[in-house]
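Reading through the structure tokens given below for one structure.
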Amino acid sequence: NAGVTQTPKFRVLKTGQSMTLLCAQDMNHEYMYWYRQDPGMGLRLIHYSVGEGTTAKGEVPDGYNVSRLKKQNFLLGLESAAPSQTSVYFCASSYSVDTQYFGPGTRLTVL
Amino acid sequence: AQSVTQLGSHVSVSEGALVLLRCNYSSSVPPYLFWYVQYPNQGLQLLLKYTTGATLVKGINGFEAEFKKSETSFHLTKPSAHMSDAAEYFCAVSAGGATNKLIFGTGTLLAVQP
């Protein structure tokens, strides 16, 4: 079991560029989440999904889009990156109303 | 709406001393409460959780926490700190339901001095 994996681990973008972060889980979890972590602010929920084909907005969704075409994958897209999106991004998954399992994170810098 | 407050963004203890990290929550429904630990440059790992039942919950690495409804608290303790406990600790609350969304506190960075 690999658990939750994230690709890539690091990325540097220029303002206005686009990119997609991939999250994959092999635990057959229904629920998946994308968070961003910024110093002194803890983790904030960007978007989440409660099942294949479903997505919903979290606390800080602006500037991001997501897709859940397959149960095991949850993609986070930045259409036009901004310096304010410099952060560490974490994906998590859970079976139901229970423990969320986190990936190792993606460190994104937008210049 | 749920919220979490962690008192003290930085806590420093000596090796062998008691560790106490404070967490207070606000929830309009019976909460599920979690403590996660994050080691440098890693993801979050579950330390322990409270859902229902016994209010004193034990986790990994000798940590435990007590759910006190009257005080809306879920403080994390460990009797004797070890150098390897140096990390950032996050308290989180979930209202369960159909989304299982977690609301995180801002974290407490624990330093352990030799």
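Things worth noting here:
- Residues being closer than 15 Å to A:Gln100 by Cα and open to solvent by 60 Å² or more (accessible area, probe 1.4 Å) - total across region B:45-57: 2
- Among residues of region A:82-106, those that are within 18 Å of B:Phe90 (Cβ to Cβ) and open to solvent by 40 Å² or more (accessible area, probe 1.4 Å), counted: 3
- Selection status of A:Thr55, within 14 Å of chain B (Cβ to nearest Cβ), touching a residue at least 12 places away in the same chain (Cβ under 8 Å) and over 30 Å from B:Leu7 (Cα atoms): yes
- Of all residues in region B:1-30, those satisfying the criterion of being over 21 Å from B:Ser84 (Cβ atoms) and more than 14 Å from the chain's Cα centre (by Cα) are B:Ala1, B:Gln2, B:Ser26, B:Ser27, B:Ser28, B:Val29, B:Pro30.
- Residue list for region A:74-100, filter: at the interface with chain B (Cβ under 10 Å from one of its Cβ atoms) and at pLDDT below 95: A:Ser94, A:Tyr95, A:Ser96, A:Val97, A:Asp98, A:Thr99, A:Gln100
A quick yes/no check of all residues on (1) surrounded by 21 or more Cβ atoms within 10 Å (Cβ to Cβ); (2) away from chain B (no Cβ under 14 Å):
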residue: A:Gly16; (1), (2): no, yes
residue: A:Asn28; (1), (2): no, yes
residue: A:Tyr33; (1), (2): yes, no
residue: A:Asp38; (1), (2): no, no
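- Qualifying residue in region A:70-78 (condition: exposed (fewer than 14 other Cβ atoms within 10 Å of the Cβ) and closer than 19 Å to A:Gly3 by Cα): yes
- Any hit, region A:58-67, residues being at the interface with another protein chain (Cβ under 9 Å from one of its Cβ atoms), assigned to a strand (DSSP E or B) and touching a Phe, Trp or Tyr at 6+ places or on another chain (Cβ under 6 Å): no
- Note on region B:54-98: residues that are among the small types (Gly, Ala, Ser) and within 21 Å of A:Gly42 (Cα to Cα) total 8.
- Residue satisfying condition, being touching a Lys or Arg at 6+ places or on another chain (Cβ under 8 Å) and over 19 Å from B:Gln42 (Cβ atoms), within set A:Ser49, A:Ser18: A:Ser49
The values are calculated or read from the model by the stated rules, or taken from the named source; none is laboratory data. None of these values were measured; they are calculated from a predicted model. Positions of Cβ are generated from backbone atoms using ideal geometry, with glycine treated the same way; all protein chains shown enter the neighbour counts. These accessible areas exclude ligands, DNA and RNA; they are computed on the full protein's heavy atoms, side chains included. Shrake-Rupley method; radii C 1.70, N 1.55, O 1.52, S 1.80 Å.
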